[in-house]
Every structure is written in structure tokens, then in C-alpha cells.
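Engineer: Structure provided below as C-alpha cells; questions to follow.
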Amino acid sequence: MIYDMKWNHIGPFVAAFPIPDYYVSEEDIQDSLQRCYPFNVIQPTTGAKVDLVPLPRDPFTRAAFQRRQRLEYDEAGHSATFITPEDIIVAKLIAHRETESDKHLRDARGVLMMQWGELDLEAMRRGARAGRVLEQFDLLLEAVRREIEE
């Protein structure tokens, strides 16, 4: 889970998870904020753990976080907050550039295929340009376009 916490939020956050029902360390959160590194909230009785990842400082990720949308994800009406499909595609292309993992390209392609005709291509192009993945975006877009038209 991505979080955007400020220093003055640490105390109230820790207080919301009282010992012994939960374990969360104020020092771990401070370290997380300083080093931009994840921390955990753990429920000792069940072993359940939530990893909290600080919102990265780069402009693309911060803008994507601001554009996120609350959407229902099942027939029971449960909802969660998601970044836009356009931002997922660009984020996956950036992740591919940084890791060279083809999984990110497959993920980006899958979202593009599933959302074809619903996407704001110009917004994606702007994001890809800002993320320095415009060439990869254009290649992916053309490959998916050819596949859909066949």
C-alpha cells in the first residue's frame, strides 16, 4: 500500500494501532520517511502484515497519485482507490526501463488491450514523454493497434 504521510502524522498513526493488538514502530516510520523505504504494520495474533511504501518523490508518480480514482471492484459494491489505466501503462513502461523485466511490458500491453478505445492517448503520451519512455510507448501502441485490427 502506498502512503503519503507527513512527520506530524506519525504519532496519531501509531496511536491508531495500539499494542498488543498491533505492532508498528515510530522509529521505522521515521526511517521510512527519511530513506523512502517501506515499513510494516503487523497484527501479532494472526501474523497479518501490511507493507506501507512511501509515495515516491518523482513528479510522474506524485501526479498519478493525485489522479487516482475510487472504483467499485466487485458486485457487492466494495471499492478501492486505483491509479488510472493510463498511469498504470506509463508506470509499467518506466518500471521496464528501470528493471528490464519483460513482465512490465506484458502488464502494460494487457492494460492497453483491455482498455483499448477507452484510454486518453494524449495523456499517456505526455506521461510517457515526462517519464522518458515515449519511444517504448509508441512501439507498444503500434503493436497493440496492429493486433487489434487483425
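Nothing in this text is a laboratory measurement; each read-out follows from the coordinates by a stated rule. In this text, all values refer to a predicted model and were calculated from it rather than measured experimentally. Please note: Cβ atoms are built from the backbone with ideal geometry, for glycine as well, and neighbour counts cover all protein chains shown.
Engineer: Under the definition of Cα pairs under 8 Å and six or more residues apart, what whole-number percent is the relative contact order of region 25-74?
Structural biologist: 24 percent
Engineer: Would you mind working out the magnitude of the charge dipole of region 1-132 relative to its Cα centre, with +1 at each Lys and Arg C-beta and -1 at each Asp and Glu C-beta, to the nearest 20 Debye?
Structural biologist: With only Lys, Arg, Asp and Glu charged at Cβ, the dipole is about 580 debye.
Engineer: I've got another one for you. Which loop GluC sites (Glu not before Pro) in region 1-93, with loop taken from DSSP, have no more than 12 other Cβ atoms within 10 angstrom of their Cβ?
Structural biologist: 75
Engineer: Expressed as a rounded percentage, what relative contact order does the chain have, with Cα pairs under 8 Å and six or more residues apart?
Structural biologist: Relative contact order comes out at 15 percent.
Engineer: Any idea what the dipole of region 59-149 comes to, in debye rounded to 20, about its Cα centre with Lys/Arg Cβ at +1 and Asp/Glu Cβ at -1?
Structural biologist: Magnitude of the dipole: close to 420 debye.
Engineer: Dipole magnitude of region 104-149 about its Cα centre, charges +1 at Lys/Arg Cβ and -1 at Asp/Glu Cβ only, in debye to the nearest 20?
Structural biologist: The dipole of region 104-149 has a size of about 180 debye.
Engineer: Now for a separate question. Can you compute the label reach from residue 102? Point 7 Å from Cα along the Cβ direction, backbone N cut-off under 19 Å, restricted to region 112-135.
Structural biologist: Only 112-113 fall inside the zone, counting backbone N under 19 Å.
Engineer: Okay, moving on. Within region 44-61, list the residues whose amide N lies under 18 Å from a label point set 7 Å along Cα→Cβ of residue 114.
Structural biologist: none
Engineer: At 7 Å along the Cα-to-beta-carbon direction for both residue 37 and residue 142, put a label point, then send me their distance in nm to one decimal.
Structural biologist: 4.3 nm
Engineer: Additional query: What percent do you get for the relative contact order of region 64-150 when only Cα pairs under 8 Å and 6+ apart count?
Structural biologist: 25 percent
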